[in-house]
Amino acid sequence: MERARIAVAGASGLIGSALVRSLTADGHEVVRLVRRAAHGADEVCWDPAGRYVDPAGLDGCDVVVNLAGAGVGDRRWTEAYKKKIHDSRVLGTAALAEAVATLDRPPRVFVNGSAIGIYGETGEQVVDEDAPAGHGFLPELCVEWEAAAAPAREAGVRTVFPRTGLVVARGGGAWGRLFPLFKAGLGGRLGDGRQYWSYISLHDEVAAIRHLIERDDLSGPFNLTAPQPLTNREITAAMGRVLRRPALFSVPEPVLRAALGEMAGDVLGSQRVVPKRLLESGFAFAFPGIEDAIRAA
């Protein structure tokens, strides 16, 4: 891809910061969306909860990437925090999509983050992008999240939804919490361990987003998960092997539900999601296997 001006919302998050590093290393100009007054040409002021973004700051951008949102696993799901999770995604997406739609020179692509949470509980059934949305807080949130991008799509801007799985990374997300436990010899399965986890290495996550940016023929939803989902039991065993630590402990379901509340349903839930459209587009994973993904992290 030729040198481009790329606006990124959520640039300080786990995926956003890695994407920004990758883009700047290749000479692209990155404009960060910030929740304060902009301090230079490389920043754009926005207020996702207030559904506001300075459209002038997006003018001239070839690409707009939205990865912003309050962390789903950062704290217990109180009603207040669920509203924060919702508003940070849905209202922020609406603000960006509406701003993009008003530009005289709109970007050639709007990449709006989403998640495999849209499918809900899938058990042992393998699901791809053709599967319907599930039921519950996260699936319904993801449906609204993607729908909020409609103004950009209706304005003729190519719109892509990377539906991200569990990102294998040391610095954040679910794995950011797992690594210290396993290194301390306290790792093990969650519940009975039979639930499927659809994971992706941080390296492949960034590479896939860039693939979606660069390919002008790609639009709509793409599952960003490794080709072979594994059970929690298989993944925790792999963690123990790679880190050379025992993985003997387990957290019973009642304890998880007591500690996490409503969020426990998603930790214990099973999602066997495959990246059908991503593979069909010719994307090649650098770390498709769980042990390689863990080592890369």
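The values are calculated or read from the model by the stated rules, or taken from the named source; none is laboratory data. Bear in mind the structure is a predicted one, so any value in this text is a computation, not a measurement. Glycine also receives a Cβ, built like all others from the backbone with ideal geometry; neighbour counts cover every protein chain displayed. Heavy atoms of the whole protein, side chains included, go into the accessibility calculation; ligands, DNA and RNA do not. Shrake-Rupley method; radii C 1.70, N 1.55, O 1.52, S 1.80 Å.
With the full set of protein chains in place, find how many percent of the accessible area of the chain is carbon and sulfur; take the probe as 1.4 Å. Please list the in-between numbers first.
Numbers: 6780 of 13180 Å².
C and S atoms contribute 51 percent here.
Distances over 20 Å make up what percent of all Cα-Cα pairs in segment 23-178? Mind dumping the intermediate values first?
Values: 6574 of 12090 pairs.
The answer is 54 percent, as a whole percent.
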Check your understanding: Which percent of the Cα-Cα distances in segment 119-171 go past 15 Å?
Key -> 61 percent
Review point. Helices from the chain with mean Kyte-Doolittle at least -0.5 and a Cα length along the axis of 30 Å or more, per DSSP H: which?
Key: 79-102
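Would you list Ser17, Ser250 from the most to the least accessible area, probe 1.4 Å? Could you put the intermediate results ahead of the total?
Details: Ser17 35, Ser250 55 Å².
If we order Ser17, Ser250 from most to least accessible, we get Ser250, Ser17.
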**Study point:** Given (i) 18.9, 59; (ii) 29.9, 95; (iii) 19.8, 61, the label whose value is Rg and Dmax of the Cα atoms in Å derived from this model
**Key:** (i)
**Study point:** Solvent exposure, largest accessible area first (probe 1.4 Å, DNA, RNA and ligands not counted), of Glu205, Glu140
**Key:** Glu140, Glu205
Check your understanding: Share of antiparallel DSSP beta bridges in the chain, in percent to the nearest 5?
Key -> 10 percent
Study note, to complete from the structure: Distance in Å, no decimals, from the C-alpha centre of segment 152-183 to the one of segment 1-74 is 16 Å
Point to revise | Rounded accessible area of Lys82 (nearest 10 Å², 1.4 Å probe) | key: 30 Å²
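Using 0.36 nm per residue, how much length does the chain from Ser22 to Arg76 gain when fully extended, once their Cα-Cα distance is taken away?
Working: separation 54, 0.36 × 54 = 19.44 nm, distance 3.24 nm.
Difference between extended and current length: 16.2 nm.
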Exercise for review: Would you calculate a helix-derived [θ] at 222 nm for the chain, using -39,500 (n - 2.57) for each DSSP H run of n ≥ 4 and dividing by the full residue count, to the nearest 500?
Suggested key: -11500 deg cm²/dmol
Review point. Restricting attention to segment 30-66, which trypsin sites (Lys or Arg not before Pro) occupy a DSSP loop and are surrounded by at most 16 other Cβ atoms within 10 Å?
Key: Arg35, Arg36
Check your understanding: With every protein chain kept in the model, how would you rank Glu234, Glu43, Glu124 by accessible area, 1.4 Å probe, largest at the top?
Key -> Glu124, Glu234, Glu43
